[in-house]
Structure formats: structure tokens, C-alpha cells
1. Given 10 Å bins starting at zero, what is the percent of C-alpha pairs of the range 1-138 in each, up to the one with the largest pair distance?
2. Rounded, prolate or oblate: which fits the range 94-253 when a ≥ b ≥ c are the square roots of the eigenvalues of the alpha-carbon gyration tensor, with rounded for a/c under 1.5 and prolate only if a/b beats b/c?
3. Distance between Cα centroids, the range 77-153 to the range 167-187: provide it in whole Å.
4. Note the per residue figure in Å³ for the convex hull of the C-alpha positions in the range 159-209.
5. A 26 angstrom limit on the alpha carbon distance is what I want to check against. Which of LYS184/LYS250; LYS103/LYS154; LYS111/LYS176; LYS92/LYS228 exceed it?
6. Over the chain, what percent of the accessible surface lies on carbon and sulfur atoms, probe 1.4 Å?
7. Which shape class applies to the range 94-185: rounded if a/c is under 1.5, otherwise prolate when a/b exceeds b/c and oblate if not, where a ≥ b ≥ c are the square roots of the Cα gyration tensor eigenvalues?
8. Averaging over every viewing direction, what projected area does the convex hull of the Cα atoms of the range 63-103 cover, in nm²?
Amino acid sequence: GYVEGKALDGGKGENYPFEIGSNTSIPGFEEALVGHKTNDEFEINLKFPADYVEDLKNKDVVFKVKINEIKTKVEPEIDEEFYKDLGLENVKTKEDFEKEVKKTIVERKQKDNEDAFIEELLSKASENMTVDLNEEIIDEEVHRMIDNYAEQLKMQGLSLEQYFEITKTTHEDLHKQMEKEAEKRVKYRYLLEAIVKEEKIKVTDKTAKDEVKKMADMYHMTEEEIMKELGTLEVVKYDLAMQKAIEVLKENN
């Protein structure tokens, strides 16, 4: 996107998956795409709406576009090929597939219930905590959350800047929005660290390495790839210690 001949900050996307009918762009953009073919390169001349971000509203904008690929949503045939595409090697019939789907839904519901129970435990247990929450620590947690959110957006083909444009918000807005959750997370972390200390919870290198191997098998990755994602063995040991502290909480409630 270009305004007055200058490229827009965060206004560039490559191999961006854009869905016609999603209404995620300014008026006129979708309509201008319809009818074009793969490898077409063209310009779209539009005007930002009057209710857009302050420095862009009512301004003329030129989008330079290239269509890399056109896809159509097609409902697949429910057959063995479909099951294989989903990675369900042992599923051969529709009945098997329905059982597998039911099992997945039940497991997800159980996980949701477990997460809700743990959240309630942590919330109740932290109510009686007296802790001095340093602004810098909260700020660090917020930045970590924003980085994670940016990674999630990236997987959907969006940059953080594009998200701000679409939602008409700023980095400061997102920071403020996440502060309460960040404060809660820091409190929970302090609580669990106190339990680890009180209960003298220890995690050995062997236990941590076994966990890395288990994760590698689960995600079909090598142990080296898992460690590259996690960083160090100490991070794995810390996470396992936190999980053990949660088990202590569950046992006492």
C-alpha cells in the first residue's frame, strides 16, 4: 500500500492468504480482486474510510497487488484418502472416523474442564498472597505475551502492524489490554515457585530429557528441534517443577 507515493508502515504482505467475503479490508479492495487470474499484477486505487486511523482517514491509497495463487474451498469426500490426510492411519470406515472425532471432542472437553479447575485453584490460592508486584516484571510479562500473540498472528499470515490497522488499535492499546492478565500470571508464577520451595520439589536432568523425548515423539520432531524451540534444559526443568506444584495444589483441594 502506498499513500502519497510512500509505502505504508506494515502495509506489505507476501503470500498473504486473503479470503473473499471476509470483510477484513477497506471498502472496495475485495471487489477489485474479483475477476483476476493467477500471476496477475495490478494496482487498486482506493480511499481510506472517514472512520479509519487518524493519520490515514480519507486519504487516497494505491495497493500494488500480485495474485500468487487462487484456491477454492471444496468439501472433501469422507473416505480413506481423507482419513490419511488427517493423519488417521488406523481409521478405515465412517464409523471409525466418528468414534475418533467423538474421542477428540471428549478429550478436548476434559482438558478444558481441567484447565478451568486449575485456574480456579490458582485464583483461590493466590487471593491470600501478599506480594509486591514490580512494574518492570509486569511489563516484561506483557511483552512476552505480545511476542507470543505476534507469533500466533504470523501463523495466520498477519503481522502485528496489520492487526493494528484492521482493529484500529495501537501497540499501547494491546499493552494496556494485557496488563491485568500479565499481573495474574506473575502472581500465579510466584505462588507456584513458593510451593516448589516449600515442598522441596526437584526435577532431575534425566526427567527433563525424558520429557523432551516424549515431546519430540508427540510432535514428530527431533529432540534437537524441540530444544531449539525451548531453549535450555533448565527451562524444561522449571516447567516440570511448575506442573508438580500444580499437582500439589490439586491434591490439597
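The values are calculated or read from the model by the stated rules, or taken from the named source; none is laboratory data. Small disclaimer: the values here were computed from a predicted structure and weren't measured. Neighbour counts are summed over all protein chains in view; Cβ atoms, including those assigned to glycine, are modelled from backbone coordinates with ideal geometry. When the accessible area is computed, the model is the full protein with side chains, heavy atoms only, and any ligands, DNA or RNA have been set aside. Shrake-Rupley method; radii C 1.70, N 1.55, O 1.52, S 1.80 Å.
1. 9, 21, 15, 17, 26, 12, 0
2. Note, shape of the range 94-253 comes out rounded.
3. After rounding, the separation between the Cα centres reads 21 Å.
4. Convex hull of Cα atoms, per residue: 111 Å³.
5. LYS103/LYS154; LYS111/LYS176; LYS92/LYS228
6. Solvent-exposed carbon and sulfur of the chain make up 49 percent of the total.
7. oblate
8. On the way: hull surface 19.1 nm².
Averaging across all directions leaves 4.8 nm² for the Cα convex hull.
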